[in-house]
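Working notes, structure below.
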Amino acid sequence: MGYDIISLPVTILFILSGTGLFYYAIRLNQKYPSEHNFINSVLTFFLWVIAGIIYPLFFSAYNPNIRFFQMLSTFIICIFTPGLILLILLYQYKFVVKKHPDIKEKRNITTFLLKFDQKDNQNSDARSQRLRTDIHRKALHLFPRE
């Protein structure tokens, strides 16, 4: 077990994702300080960084069979999944939104925020979660399941 060059792109991707989320959390905290749960965002950042650091330790670098699965998982995490997301977004833009311009008018940020605020006001009492519950939920992501 140890760090390997094959798993380096996944480590970099995870740490960059965590850093991007942390930057976005700072921006959200500056814009909406009372509504944004900054501690939750910091915990998410640390989980991304921890996942990036310990990812290479899940594989043995000396077994050729494991090396194949390590390369396969690196391909799926770094190339296939982002490419699939890009294709879905491209399809939605090229074929759905361009053919039906009324969808673009319905799916704008102001309409979304108005609907979000209405739902938020209706559910403000029902969704009061404590920080401890959120930490426990996030901590369970660190343990692999069978």
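Things worth noting here:
- Out of Thr74, Thr11, Thr19, one residue alone is touching a Ser or Thr at 6+ places or on another chain (Cβ under 8 Å) and among the β-branched types (Val, Ile, Thr). It is Thr74.
- The range 6-49 - residue that is exposed (fewer than 15 other Cβ atoms within 10 Å of the Cβ) and of a type in the set (Gly, Ala, Ser) and, of those, modelled with the lowest pLDDT: Ser34
- Among the residues making up the range 50-82, those that are hydroxyl-bearing (Ser, Thr, Tyr) and either under 15 Å from Tyr3 (Cβ atoms) or crowded, with 16+ Cβ neighbours inside 10 Å (or both) are Tyr55, Ser60, Tyr62, Ser73, Thr74.
- Contact map, the range 130-144: first residue modelled with pLDDT of 75 or more, second residue of a type in the set (Ser, Thr, Tyr) and surrounded by 11 or more Cβ atoms within 10 Å (Cβ to Cβ), Cβ cut-off under 8 Å, separation 6 or more or different chains; pairs are Lys138/Thr44.
- For the range 36-113, the helices (runs of 4 or more DSSP H) that sit wholly inside it and include 2 or more residues that are under 22 Å from the mean Cα position of the chain (by Cα), within 27 Å of Val10 (Cβ to Cβ) and of a type in the set (A, V, I, L, M, F, W, C) are 38-54, 64-75, 81-91.
- Candidates in the range 12-35 are the residues that are among the polar types (S, T, N, Q) and assigned to a helix (DSSP H, G or I); of these, the one that is farthest from Pro56 (Cα to Cα) is Gln30.
- The number of residues in the range 90-129 being of a type in the set (Lys, Arg), more than 30 Å from Ala51 (Cα to Cα), at pLDDT below 80 and in contact with a helix residue (DSSP H, G or I) (Cβ under 9 Å, 6 or more places away or on another chain) comes to 2.
- In this structure, Tyr3 qualifies as surrounded by 12 or more Cβ atoms within 10 Å (Cβ to Cβ), outside any helix (DSSP H, G or I) and touching a residue at least 12 places away in the same chain (Cβ under 8 Å).
The values are calculated or read from the model by the stated rules, or taken from the named source; none is laboratory data. Since we're looking at a predicted model, the values are computed, not measured. Please note: Cβ atoms are built from the backbone with ideal geometry, for glycine as well, and neighbour counts cover all protein chains shown.
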